[in-house]
Amino acid sequence: GQQLAVSRPIGGMLITEQIAKKKKISEKQAEKLKLKNGMTGVIGELAEKVYEPIVQEFHSAREYYELKTKRKVSQVILSGGAGRMKGLQAFLQDGWGLPVIVSEGRFSEEEKATDVTAILTGLALRGHNPKAGLSFVIPD
């Protein structure tokens, strides 16, 4: 099988940092606010600015993967802390035109999901054939 892993250098943590700076609060408080408010209001606007280029990059990675493997990407599994952000699943689902499933294995606020952890979680969740698939990693 063929595997494609794409790691995006920005993600949920960038949104948290921007919220903390804009609201003049700690990053821990900003993380809680991000998860509570999700993709609404000012936080939603910040998140959209961060995630819109990621939506576009995913399309490129998906097109490349499908061309090279002759396999179709049929769903996306969202793992890591950002999956707890209200409205993100729907935003990505609309942007990617694919079902987006949020993994049950979420990370707490104190835990940071590393790129390696996110990739391994995605491989484990992929199930029957972990050697074939597209892993698109957006760090928290």
(request) Pop out the ³J(HN,Hα) list for region 16-28 in order, Karplus 6.51 cos²θ - 1.76 cosθ + 1.60 with θ = phi - 60°, rounded to Hz; leave Gly and Pro as x. (result) 4, 4, 5, 5, 4, 5, 5, 8, 6, 10, 6, 5, 5
(request) Calculate the spin-label point distance for Ala90 paired with Thr40, positioning each point 7 Å from the Cα along the beta-carbon direction, and give it in nanometres. (result) 1.0
(message) For a quick check: with amide H placed at 1.01 Å from N, whose amide H comes under 5 Å from Val102's, ignoring anything fewer than 5 positions away on the same chain?
(response) Leu78
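Mind checking the full-extension length gain between Glu27 and Glu66? Use 0.36 nm per residue of separation minus the Cα-Cα distance, one decimal, nm. Provide the component values of the computation, followed by the final result.
Details: separation 39, 0.36 × 39 = 14.04 nm, distance 3.84 nm.
Between Glu27 and Glu66, full extension yields an extra 10.2 nm.
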(request) Give me the percent of the accessible area of region 34-87 that comes from carbon and sulfur atoms, probe 1.4 Å, all protein chains in place. (result) 51
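The values are calculated or read from the model by the stated rules, or taken from the named source; none is laboratory data. Keep in mind that this is a model prediction, so the values were computed, not measured. Virtual Cβ from ideal backbone geometry, glycine too; neighbours counted across all protein chains shown. Protein only, heavy atoms only, side chains kept; ligands, DNA and RNA dropped before computing areas. Shrake-Rupley method; radii C 1.70, N 1.55, O 1.52, S 1.80 Å.
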